[in-house]
Structures are given as C-alpha cells and as structure tokens.
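Since the structure comes first, as structure tokens, the remarks are kept for the end.
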Amino acid sequence: MTRRTFKLGLAVLSMLGLYSKVEAQKKNDFNNPMLTHYLNNERTRYISLSGYAELWARYTQLNPGSLINNQAKSDVSDLSLRRVRVKMTYKPTEKLMFVLQGGTTNVNMNAKGSNYFDLLDAYAEYGFSDKIAFGAGRSTWRGLSRFTTGPLNTLLFDLPAYATSNAGATDYTVRELSAYIKGQLGRFDYRLVLADPYTMATADPKVNVATFSKNAPGKDFSGYFRYAFLDKENISTPFNSGTYAGKKNVLSLGAGFDYIHNAMWHQDLDKNTINDDMKNFAVDLFYDAPLNKEKGTSISAYGMAMHNDYGPNYIRYVGTNNPATSVDPKLATLNGAGNSMPVIGTGNTYYLQVGGTLPYFNKEKKNLQLQPAVGIQMSNLDALKDNVVIYDAGISLLMNGMSSRLTFDAQNRPIYTNSAMDNGIVSDRKWQFVLKYRIDFN
C-alpha cells in the first residue's frame with residue numbers, strides 16, 4: 001500500500017465518520033432516520049415528508065337541550081379523529097421552498113359524509129437571507145399571538161379555546177390565501193401577513209349586536225413580533241411550540257395584531273346598518289427550560305392578554321369537534337348544542353398555562369416520562385354579565401418524546417342563560433374528559 005493510498009483511505013474513513021455523526025443527529029424521537037432525502041452532498045437541498053394523527057376518546061356532559069340525530073342527550077361518549085395531517089416540504093435550492101399539506105379535521109360520528117382529505121397548505125417561500133423571506137399561497141402564516149396558527153407540541157390536550165376562534169369565519173381550518181414576509185434579526189423575529197379573508201355568510205345585521213358581514217370584507221392584516229431573551233426559536237414554519245419538554249431554554253416576549261376593515265356589521269336603534277372593523281391585539285410571554293437534564297425534569301409556562309374589538313356585543317360560541325347535531329330551542333341555553341362555549345368576543349381575554357416534565361422512568365432510554373399541566377382562560381366580554389372562566393387540567397405520558405404521547409385532560413366550561421334582569425349569567429357548568437393519543441412521523 002502506497003503512502004498516497006493510505007492517506008486517501010484515512011480521508012475516506014474520516015468522511016464516513018463525519019457522515020455517521022450527521023446521520024446520528026438526524027434521528028427522530030423514535031431513533032429512526034428522518035424521512036428526508038437530500039438532493040446534494042451539502043444537504044442544503046432536500047425533500048421531506050412529515051405529518052401526525054390525533055385520536056380522541058371522549059366523555060362529554062352536553063349542554064341543555066342537545067340532540068344527537070333528533071334524540072335528546074345529556075351526555076355522550078365517542079371516538080373521533082381530531083386531526084390527520086400529511087406534509088411534504090420540497091427545497092430545490094438553498095433559497096426556495098415549497099410546502100404542500102393535506103388532511104382532515106374533526107372526523108366524528110356525525111361526519112359520515114362531510115369529511116374529506118382536503119388541501120390545507122400550498123405555498124412557496126423565497127429566503128433572501130435569515131433576516132427576510134417572502135412567501136405566498138394558502139397557509140397558516142398569520143399574526144396576533146403565539147398559538148393563533150394552530151397546534152404544535154401542545155402542553156394540554158389541545159390549543160386554548162380563544163387561539164383559533166375565527167376558524168371557519170374568516171379562514172378555512174385556520175388557513176387563508178395570503179402573502180407574508182418574515183425574518184430573524186439577532187434575537188428579534190417578526191412576521192407580517194396580508195391575506196384575503198373568506199366571507200362568512202351569517203344572519204342579517206342585528207340591533208346593537210355585531211355579526212360577520214355578508215359583504216366582501218377588507219384585507220386581513222396581521223403581524224407578530226417576538227424577542228428571545230435566551231435560546232432563539234425556529235421560524236421555518238408558521239407554528240410555535242407549546243412546549244419543548246426541556247430540550248431548549250426559552251424566554252420570549254411577543255406582541256401582535258389582526259385587523260380587517262368592515263369585517264362586521266350591526267344595526268343602530270334606528271335600524272341603520274353600521275359596518276364595524278375587526279381589531280385584535282395581544283401580548284404574550286413564553287418560558288420553557290430544563291430543571292435537571294439528567295433526570296429529564298423541566299418547566300413550561302405561557303401567559304397571554306388579548307383585547308378584541310369586533311363591534312358591539314359580538315360573541316362567538318364554539319364546540320370543538322362537536323358531538324351534537326342540533327339543539328332543542330325550547331331547552332337551549334346561550335351556549336347552543338353539544339360542548340359549545342363562549343370562546344371569543346368584544347372584550348378582553350387572559351390565558352395562563354403551566355406544566356412540566358417529571359423524571360424519566362428509565363434514565364438510560366430517556367423516552368418515558370409524565371408531563372402534568374393546568375390551564376385557565378378568563379374572558380371579560382361585553383355581551384355577558386358574568387366572566388367566562390374555562391379550566392383545564394391534564395397529564396401526558398411521553399412515550400417517545402413529543403412524537404408519541406398519550407394525554408388525559410379534564411375541562412370544565414360555563415353554561416350561560418339570560419335572566420329577567422341580566423343577559424349572560426352562568427347558570428351551570430359542564431365537564432368534558434378527553435383521552436388523546438398523538439403520533440408524529442417525520
């Protein structure tokens with residue numbers, strides 16, 4: 001063997017060693033290779049697949065008067081698919097990226113013929129640098145608050161109720177046709193979005209009660225700005241993590257807005273139609289940090305304050321993955337059917353959640369641990385006399401990190417009725433218990 005051949009062999013072995021180290025870093029939570037095919041040796045161009053599925057087993061105390069297939073029910077247990085997503089990310093050059101995502105949402109016993117595998121996201125993005133990138137298409141890129149874009153590693157069983165409260169009104173499954181710019185300037189990151197909101201055809205305008213207008217709304221302007229005091233967060237996707245389970249040390253302060261001209265309308269006392277702008281503002285603070293890396297313990301906390309102005313006395317009741325089909329008007333409360341509750345309206349909303357991971361069951365494998373959490377939403381809405389208070393308490397079993405987890409959640413919600421003297425008083429409270437399993441693939 002010549003000296004030249006020997007040196008070449010050492011170089012090849014060194015490259016293979018480096019390659020194996022890179023491969024080791026690209027394992028997912030199941031310790032399997034990522035579903036990514038690289039298009040060049042530098043691994044700056046690639047095509048990747050990812051997705052997830054969420055299965056719910058649930059027991060719900062239904063709102064008064066709830067009907068399931070015209071039969072009165074006070075409670076129900078059911079199985080459902082809360083979300084199924086399949087995503088492809090294609091990066092043919094270092095600066096260009098294309099994202100295509102499909103899926104279905106809220107496949108429950110009442111959705112036999114209404115759930116399809118829909119096109120959700122289809123957008124392209126061109127990154128001039130880390131400081132500025134431009135994108136356009138149909139996506140969840142939007143502003144306002146940390147959780148407005150939808151779920152990613154939620155600390156509890158789902159997002160807080162207020163977070164995507166315009167879903168189905170000005171968007172489709174939290175998606176709009178939009179153009180956006182985003183970037184990261186040191187510890188500061190930003191996103192600004194200009195979108196065409198969907199028109200929500202609702203009732204004719206009501207006296208002193210704002211509703212979404214049947215007329216064409218203005219553009220949807222939104223933005224979110226954030227400063228990272230500790231570790232910076234990834235902004236390659238529109239989603240923000242609800243917990244890192246101690247894998248990062250994050251303290252970030254954010255602020256955002258969402259504005260649509262003439263999104264709403266109402267009538268004054270003389271029955272004149274008045275157009276109203278939708279004006280929402282929020283500030284939030286997120287903290288996630290390890291306590292003991294060897295034991296796997298961590299803490300996660302999130303606080304948010306939001307002011308919403310939809311016009312006079314606007315309020316929206318939403319039942320997530322609603323198991324009921326209708327409601328008996330003679331017995332109905334303001335909540336309506338099933339598990340509906342007031343989630344947003346003109347007024348102020350505050351939210352707090354706290355949780356963290358407990359020590360690993362097996363320190364060597366480091367893939368089995370518990371993550372308890374609690375959350376509370378409090379809203380002071382103009383249309384209701386009593387404040388809206390929604391409680392959540394849950395615990396997750398992380399079997400393979402956040403990629404395979406089982407979550408049990410207990411949620412308590414208020415029931416609202418009108419009295420002879422006051423509008424919107426709490427007359428009762430109901431429970432919902434959810435056992436959720438989520439599995440990710442990437």
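The values are calculated or read from the model by the stated rules, or taken from the named source; none is laboratory data. Every value quoted in this text rests on a predicted model; they were computed, and no experiment measured them. Virtual Cβ from ideal backbone geometry, glycine too; neighbours counted across all protein chains shown.
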Breaking point among (1) among the polar types (S, T, N, Q); (2) within 26 Å of Phe441 (Cα to Cα); (3) touching a strand residue (DSSP E or B) at 6+ places or on another chain (Cβ under 9 Å); (4) modelled with pLDDT under 95, for Asn70: (2)
Single residue of the stretch 72-87 satisfying the filter (assigned to a strand (DSSP E or B) and of a type in the set (Gly, Ala, Ser)) that is surrounded by the fewest Cβ atoms within 10 Å (Cβ to Cβ): Ser77
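Please enumerate the residues belonging to the stretch 283-297 that are assigned to a strand (DSSP E or B) and either of a type in the set (D, E, K, R) or farther than 26 Å from Asn348 by Cβ (or both). First the steps, then the outcome.
As a first pass, look at the stretch 283-297 and keep what is assigned to a strand (DSSP E or B): 283-292, 297.
Within the stretch 283-297, Asp284, Asp288, Ala289, Pro290, Leu291, Asn292, Thr297 meet the criteria.
Would you check if Ser50 is touching a residue at least 12 places away in the same chain (Cβ under 8 Å), surrounded by 17 or more Cβ atoms within 10 Å (Cβ to Cβ), more than 27 Å from Ile132 (Cα to Cα) and touching a strand residue (DSSP E or B) at 6+ places or on another chain (Cβ under 6 Å)? Before the answer, list the steps.
On the way: touching a residue at least 12 places away in the same chain (Cβ under 8 Å): yes; surrounded by 17 or more Cβ atoms within 10 Å (Cβ to Cβ): yes; more than 27 Å from Ile132 (Cα to Cα): no; touching a strand residue (DSSP E or B) at 6+ places or on another chain (Cβ under 6 Å): yes.
No, not satisfied.
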Residue in the stretch 384-397 that is nearest to Leu291 (Cα to Cα), counting only those that are touching a Ser or Thr at 6+ places or on another chain (Cβ under 7 Å) and touching a residue at least 24 places away in the same chain (Cβ under 8 Å): Ser396
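From Ala245, Ala255, Ala216, which residue is under 30 Å from Ser298 (Cβ atoms) and at pLDDT below 95? Please lay out each step first, then the result.
Numbers: Ala255 fails: at pLDDT below 95; Ala216 fails: under 30 Å from Ser298 (Cβ atoms).
Every option except Ala245 fails the conditions.
In the list Pro290, Pro329, which residue meets the criterion of being surrounded by fewer than 17 Cβ atoms within 10 Å (Cβ to Cβ) and touching a residue at least 40 places away in the same chain (Cβ under 8 Å)?
Details: Pro290 fails: surrounded by fewer than 17 Cβ atoms within 10 Å (Cβ to Cβ).
Among Pro290, Pro329, only Pro329 is surrounded by fewer than 17 Cβ atoms within 10 Å (Cβ to Cβ) and touching a residue at least 40 places away in the same chain (Cβ under 8 Å).
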Met421 vs. criteria in the same structural domain as Gln353 (by TED's automatic domain parsing), closer than 29 Å to Pro151 by Cα and over 20 Å from the mean Cα position of the chain (by Cα): no
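Here is a check on your reading of the model: is Asp158 over 28 Å from Ala124 (Cβ atoms) and either more than 20 Å from the chain's Cα centre (by Cα) or crowded, with 17+ Cβ neighbours inside 10 Å (or both)?
On the way: over 28 Å from Ala124 (Cβ atoms): yes; either more than 20 Å from the chain's Cα centre (by Cα) or crowded, with 17+ Cβ neighbours inside 10 Å (or both): yes.
Taking the combined requirement at face value, the residue satisfies it.
Of everything in the stretch 253-289, what is of a type in the set (Ser, Thr, Tyr) and under 20 Å from the mean Cα position of the chain (by Cα)? Give them in sequence order. Steps first, please.
The first filter runs over the stretch 253-289 and keeps only residues of a type in the set (Ser, Thr, Tyr), leaving 259, 273, 287.
Answer for the stretch 253-289, where residues must be of a type in the set (Ser, Thr, Tyr) and under 20 Å from the mean Cα position of the chain (by Cα): Tyr259, Tyr287.
Kindly evaluate Thr60 against the criterion of being buried (at least 20 other Cβ atoms within 10 Å of the Cβ) and under 20 Å from the mean Cα position of the chain (by Cα). Steps first, answer last, please.
On the way: buried (at least 20 other Cβ atoms within 10 Å of the Cβ): yes; under 20 Å from the mean Cα position of the chain (by Cα): no.
The answer is no for Thr60.
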Enumeration of residues in the stretch 130-149 that are at pLDDT below 95 and surrounded by fewer than 21 Cβ atoms within 10 Å (Cβ to Cβ): Asp130
Positions within the stretch 236-280 being of a type in the set (A, V, I, L, M, F, W, C) and more than 19 Å from Glu176 (Cβ to Cβ), in sequence order: Ala245, Val250, Leu251, Leu253, Ala255, Trp265, Leu269, Ile274
Meets criteria (in a loop (DSSP other than H, G, I, E, B), touching a strand residue (DSSP E or B) at 6+ places or on another chain (Cβ under 9 Å) and polar (S, T, N, Q)) for Asn280: no
